[in-house]
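What follows is a set of notes on a single structure, which appears directly below.
The values are calculated or read from the model by the stated rules, or taken from the named source; none is laboratory data. Please read these numbers as outputs of a predicted model, since none were measured by experiment. Please note: Cβ atoms are built from the backbone with ideal geometry, for glycine as well, and neighbour counts cover all protein chains shown. Remember, those area values only see protein heavy atoms, side chains included, never the ligands or the DNA or RNA. Shrake-Rupley method; radii C 1.70, N 1.55, O 1.52, S 1.80 Å.
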There are 2 protein chains.
Amino acid sequence: MSWVDEIKWTEDGLVPVIAQLDNGKVVMFAWMNRESLQLTLEKGEAVYWSRSRNKLWHKGEESGHVQKVLSIKSDCDKDVVLLTIEQKGGIACHTGREGCFFHELQQQQWVVTEPVIKDPQLIYKK
Amino acid sequence: MSWVDEIKWTEDGLVPVIAQLDNGKVVMFAWMNRESLQLTLEKGEAVYWSRSRNKLWHKGEESGHVQKVLSIKSDCDKDVVLLTIEQKGGIACHTGREGCFFHELQQQQWVVTEPVIKDPQLIYKK
């Protein structure tokens, strides 16, 4: 059985994926299908499955903000994947922030706790 | 609109949740529904929704390995939750390991990279 077959894929053929930096910061959460997980290993760069666009999503293909993969881990049940990555450009979020988890719950309000590093309009030129 | 209503719940009324330690280590991935997320804030301890048992799951209720919540974050789309936790007993995984992500892909094989700290039979006495 190949390592890809050992993953417990959802009915839709997907697996949830967490990406964190080497320093532990969790920068994003996305999904992969079999092909994207295999491509991630082959390229050494994160390739997700975009559920909204229904296609492979080589992270950074448009922005240049590629994620170099340092390690690929899976959990006890092999139904979740955890990537350690080096984030090119230092921006993982489409809002132009370092990571996506920039809302923090404080006194029952979601407060924005991270600055925009680069205007998304300058990142995505299309 | 309350902070809970701002979360983009799945059709099943759930949201994926990542739990990491203060040092950045990601120890588990699970799901919450509205009630469990509200209880998590009220108790200051992680309460998940068990999809397999179809009920609220106050993490540590049986093992004592409660997760004290240090922060609750959400992502750009508010469809994922990230908890920073203090793990009581130092064991988050039901296999008796510190965390669940103990399989690492090496030469196309999933290799176990973390030791069992405590025999699960001693953790779950029922």
On average, how much accessible surface per residue is there in chain A, in Å², for a 1.4 Å probe, leaving out ligands, DNA and RNA?
50 Å²
Pick from A:11, A:35, A:62 the residue whose mean-square fluctuation is largest in a GNM of chain A, springs joining Cα atoms under 10 Å.
A:11
Count of lysine pairs in chain B with Cα separation under 14 Å (8 or more residues apart, or interchain):
8
Please pull out the direction-averaged projected area of chain A, using the convex hull of its alpha-carbon atoms, in nm² to one decimal place.
9.1 nm²
Would you mind classifying the protein assembly as shown by shape? Square roots of the alpha carbon gyration tensor eigenvalues, ordered a ≥ b ≥ c; an a/c under 1.5 is rounded, otherwise it is prolate if a/b is larger than b/c and oblate if not.
oblate
Choice from B:107, B:67, B:20 with maximal GNM fluctuation in chain B (Cα, 10 Å cutoff)
B:107
Sum of -39500 (n - 2.57) over DSSP H runs of 4+, divided by residues of the protein assembly as shown (222 nm, nearest 500)
-3000 deg cm²/dmol
Among B:113, B:95, B:84, residue whose mean-square fluctuation peaks in a GNM of chain B (springs only between Cα atoms under 10 Å):
B:113
What residue of chain B sits with its beta carbon nearest the rotation axis taking B to A, and at what distance in whole Å?
B:24, 1
Heavy-atom accessible surface of chain A: percent carbon and sulfur, 1.4 Å
44 percent
Where in segment A:71-107 does accessible area fall by at least 40 Å² between the isolated chain and the complete protein assembly, at a 1.4 Å probe radius?
A:72, A:73, A:74, A:75, A:76, A:78, A:82, A:101, A:103, A:104, A:105
How many Å² of accessible surface get buried when A and B come together, counting both sides, probe radius 1.4 Å, rounded to the nearest 100?
3100 Å²
